[in-house]
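To start, the structure itself, in structure tokens.
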Amino acid sequence: MIVQRILLIILLTFSLNLAGQNFIFDLPEGRNSLSANFENFDNLVVIKFMLEDSIPVKLILDSGIEGIILTDPALVNYYESSCIHNFKLTAPGTSTSLEACYTSMVKLRYKSLQSISSNLILLKEDQFSLDAFIGTKVHGLIGLDKFRSLVVTINYDHNTLRFTRPEHYKLPKRADVIPINILRGRPYMTARVELDTKEIRDLWLMIDSGANHPLLLETDSTDSYQPVKSLETTIGRGLGGIISGAFVRSGWLLLGNSRLDNIITSISSEYIGGTPATRNFRHGTIGSAALSRFRVSFDYTNNRLILTRGRKFREPFEYNMSGITFESLSAGFNIFKVSEVIHDSPAQHAGVHPGDLLMSVNEKAAFSLNLGELNAIVSSRPGSPVTIVISRDGRLMTFKFKLKRLI
């Protein structure tokens, strides 16, 4: 499993009495379950909805937020005239406030589930750049709380979702059943972690399907923890831009009776603002790179998370071995720019610079690849040779290097 770049999805910390946020999806009368496919982008679940029966949108299914958040500038501009309240929020990665608003009621439809009416939260400043760092068109996010009357099962192996009435849900054999608390629409659990210092702690963690890190620790709430070895770099992007921090390798993460070993862990004091109290005194978050090792069922009705080991359960956790972070450009998402080069990485020693445009990698034309395929090539296994051709100031340049574990 390659952890190319952590994509830190919005965690809103404000409290608003949003009229209409009670309206949630349900199965049609006479149906006890429904299955659907989703698009998987580095373990982020992207699903298609229809706004007002005429506007198709792609939204990330995110257990770390409440409500429906639009980030696409064109849609934000379209719905801005229906805003009924403006507010400001503090974004991860910045101390400044971003302008936002919520709208009057809008109809939202998904497959054959009963349609709902809901407010939309509009972000008026597009600093998040979801499209560029996912590699596909995404219009925003939808909180898992919008499906809270149903058991929502995410099968990352087959890229399918299943919605089941709680009274008709059958517990799988050999499943781990973990108690969770639902606080302001978000699920929390206690998990045991062996830090890289060999210290074992029981941590209070939010379950965040909309962030593709395995484990993130917020350093201002983890007491005196100091990692033995860390890789300081950008750990992801938030609403306010890049988020600085470091990567470490924790010994293991225990979820129920299932243990994930040598887990890549992000640490940061910039993940989100506020006090420990406003963050429900959590120590960090479990992201989709850990969840994707399982078939995951969220049962908000019965306050439980059900995990069944999947195909990727025993795959090693790896981080970017080239040192290059790419972002995709253009409507087709097949033009790639180097957005960052990690210090002392193979790519930096070879001479790759931020801003370089990728022409080819290992003799494959860049335009023939998607972002996931590209990241897999430059982050495959230690010692693998990589040859890339880039364009810099109109000149073609070739660089060769071998992949190396950075953490």
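Sort out which residues of the range 300-325 are touching a helix residue (DSSP H, G or I) at 6+ places or on another chain (Cβ under 6 Å) and surrounded by 18 or more Cβ atoms within 10 Å (Cβ to Cβ), and write them in order of number. Listed by number, the residues that qualify are SER322, GLY323, ILE324. Considering (1) of a type in the set (Ser, Thr, Tyr); (2) at pLDDT 95 or above; (3) crowded, with 24+ Cβ neighbours inside 10 Å, the lone condition that THR285 does not fulfil carries the number (2).
Checked against the criterion of being loosely packed, with under 15 Cβ neighbours inside 10 Å, in contact with a strand residue (DSSP E or B) (Cβ under 7 Å, 6 or more places away or on another chain) and at negative phi, the candidates PRO346, PRO385 yield just one match: PRO385. Among the residues of the range 331-350, the one identified as polar (S, T, N, Q) and closer than 18 Å to PHE41 by Cα is ASN334.
When you check ILE116 against the structure, is it in contact with a helix residue (DSSP H, G or I) (Cβ under 9 Å, 6 or more places away or on another chain), surrounded by 22 or more Cβ atoms within 10 Å (Cβ to Cβ) and assigned by TED's automatic domain parsing to the domain that holds GLY64, yes or no? No; evaluated as a whole, the condition is false for this residue. Based on this model, can you work out whether ASP145 counts as assigned to a loop (DSSP other than H, G, I, E, B) and charged (D, E, K, R)? So ASP145 does not fit the description; no.
Considering only residues that are more than 26 Å from the chain's Cα centre (by Cα) and either assigned to a loop (DSSP other than H, G, I, E, B) or of a type in the set (A, V, I, L, M, F, W, C) (or both), which ones fall in the range 329-355? Result: ASP344, ALA350, GLY351, VAL352, HIS353. Every residue in the range 288-316 that is out of contact with any Gly (no Cβ under 8 Å at 6 or more places or on another chain) and assigned to a loop (DSSP other than H, G, I, E, B), please. Of everything in the range 288-316, those that are out of contact with any Gly (no Cβ under 8 Å at 6 or more places or on another chain) and assigned to a loop (DSSP other than H, G, I, E, B) turn out to be TYR300, THR301, ASN302, ASN303, GLY310, ARG311, LYS312, PHE313, ARG314, GLU315, PRO316. Being under 22 Å from ARG282 (Cα atoms) and assigned by TED's automatic domain parsing to the domain that holds ARG259 is a property that does not hold for ARG148. Number of residues in the range 63-73 that are within 14 Å of GLU125 (Cβ to Cβ) and either at pLDDT 95 or above or of a type outside the set (Val, Ile, Thr) (or both): the value is 3.
The values are calculated or read from the model by the stated rules, or taken from the named source; none is laboratory data. If you're wondering where the values come from, they're calculated on a predicted model, not measured in any experiment. Cβ: placed from backbone, ideal geometry, glycine included. Neighbour counts: every protein chain shown.
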